[in-house]
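The values are calculated or read from the model by the stated rules, or taken from the named source; none is laboratory data. None of these values were measured; they are calculated from a predicted model. Using ideal geometry, Cβ is built from the backbone for each residue, glycine included, and neighbour counts are taken over all protein chains shown.
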């Protein structure tokens, strides 16, 4: 059985795929090609673990959502995609299984204008969930 972490990541990607009209990839990907933009990349970055009562640990998974757009209205398109993606991500906090809490941590932008205007909008999320310390596939 996959870990709770992997089930959460799969649920996030499925929810983003269903909510958005652009491709959503799971990191790592080889390269984001210009002709495939706009697109989103879901990237797990780190996970911290804190032991709590009994056999449980509380895990905090850091996930980054990359929005990549290009063209004259790249900034506007990136903003619209971030709004839709944020709604989809935060709607997951209401799912009963696996139970977890998700919230937005921060956001930053990277602009490039080498051959055509491009925007890279990065939003970080933190996901908290309970897990059995000895079996990462089991919750509370």
Next on the checklist: Being farther than 24 Å from residue 131 by Cβ, out of contact with any helix residue (DSSP H, G or I) (no Cβ under 9 Å at 6 or more places or on another chain) and modelled with pLDDT under 90 narrows it down to one residue among 72, 79; which is it?
Outcome noted: 72
Next on the checklist: Yes or no: region 86-95 includes at least one residue that is buried (at least 18 other Cβ atoms within 10 Å of the Cβ), modelled with pLDDT under 85 and more than 20 Å from residue 28 (Cα to Cα).
Outcome noted: yes
Checklist outcome for this item: When region 96-115 is checked residue by residue, the ones that are closer than 28 Å to residue 138 by Cβ and modelled with pLDDT under 85 are 96, 97, 98, 99, 100, 101
Checklist entry - Looking at residue 12, is it crowded, with 19+ Cβ neighbours inside 10 Å, outside any strand (DSSP E or B) and modelled with pLDDT of 90 or more? => result yes
Item to check | Among the candidates 27, 11, 46, 18, residue that is out of contact with any strand residue (DSSP E or B) (no Cβ under 8 Å at 6 or more places or on another chain) and more than 14 Å from residue 100 (Cα to Cα) | outcome: 18
Checklist entry - In region 15-56, what residues are part of a strand (DSSP E or B), at pLDDT below 90 and surrounded by 11 or more Cβ atoms within 10 Å (Cβ to Cβ)? => result 56
